[in-house]
Each structure stands twice: as C-alpha cells, then as structure tokens.
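Each reported figure results from applying straightforward, stated rules to the coordinates on display, with no laboratory input. If you're wondering where the values come from, they're calculated on a predicted model, not measured in any experiment.
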Amino acid sequence: MEKIFYVGIYVFLASLVGLGILLIHLLLSQKPKDNPPQKFLPFESGMIPFHDSRGRLPVKFYIFALAFLIFDIEVALLIPYIPIVKQLGIVGIAEVLFFLLVLFFGYLYIRDVALKQ
C-alpha cells in the first residue's frame, strides 16, 4: 500500500510540473495579432504558385512505383539463398533460376506493355 502512495505522489508532482510549464508557456508566449492571407499560401522555391498543385499524374508513374516495390521485395527474398547456396544443390539452384526467370518475364512485361501507355 505504501508503494501506491509514492506512485500517486510522483504522478501528482509530474502532472503539476507539466501544467506549470504549460501555464508559463501560455503566459509568456507572443500571440500574433492577425494572420495575413499571405501566410496561408503554399511556398515553393520562393515563387508564388500560379496553379493548383493537386494535379493528376499519369498512370505510368504509379505502375513504375509498383514495379519498383515488387522488384525490390523480390530481391530481398533472394538474400536468404546466399548463405546456403552450396547446400541447395542442383534442385535449389534450379528453383532460384526459375524464380529469376519469372521475375525477368515480369520485368519484360512491365517494360514493354505497362509503361508504353
């Protein structure tokens, strides 16, 4: 029961310090009188924007990003084979080569069909 009392005192003091810091911040901080409309304009490269920045991107950019993610993950799946390549034998190496062949056909499809839109 005595430990709970000390924990309660600690929580009370910690919250008191936190509230004190918050109160000092609110009392001493400078508040802006008004917000000029220029403050809410987007700022890029020091130039005032001349059109809406929320335009649409062509689909090929999304396909390229998905292809990058797919090939990145597939290469990460090949890493566990490196330390055990001698233990795999011919069958294991054939499986890895089949995996690389499927990956290569996926690359050809993305390069020749998906990105030519």
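Annotations
- The rule of thumb for compact globular proteins, 2.2 N^0.38 Å, goes into the C-alpha radius of gyration of the stretch 57-117 1.39 times.
- Of the Cα atoms belonging to the chain, the radius of gyration and Dmax stand at 30.0, 76 Å.
- Fluctuation leader among 98, 12, 68 - the chain, Gaussian network, Cα springs under 10 angstrom: 12
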